[in-house]
């Protein structure tokens, strides 16, 4: 076996739970192989570097061996070397700020003025 489809490989090394999730990630430009955006049918070879955008982080892996079959988690390090820097992994554990606007029960829907105030608050927090 000289090459494997990228969507099969991502599923096999357990980066995605289903193959359709891996295909959707490829179609959504969230997967790169050697720096170029990969379609689901892109062939992956040994030595290729794969970048996967998952949430706020970019995970980087190097292909060590090829497989079309899903494997146990203990076998994954034999097939893919994790090159992701610790700074990217830390992005998964960053706290997320949420804005909660308290309204009295039964006061009805928010008015335009309420919406403008909420948008101004969000802009202030984003900058």
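Nothing in this text is a laboratory measurement; each read-out follows from the coordinates by a stated rule. A quick note: this is a predicted structure, and the numbers were derived from the prediction, not measured. Cβ placement follows ideal geometry from the backbone for every residue including glycine, while neighbour counts extend to all protein chains displayed.
Brief remarks follow.
- Computed over the chain, Kirkwood Rh from alpha-carbon pairs, angstrom: 17.2
- By the helix-only formula, in which each DSSP H run with n ≥ 4 contributes -39500 (n - 2.57) and the sum is divided by residues, the chain has a 222 nm mean residue ellipticity of -8500 deg cm²/dmol.
- At R0 = 25 Å, FRET efficiency that the Cβ-Cβ distance of residue 58 and residue 78 yields, to 0.05: 0.60
- Averaging the sequence gap over all C-alpha pairs within less than 8 Å and six or more residues apart, then dividing by the number of residues, gives the chain a relative contact order of 21 percent.
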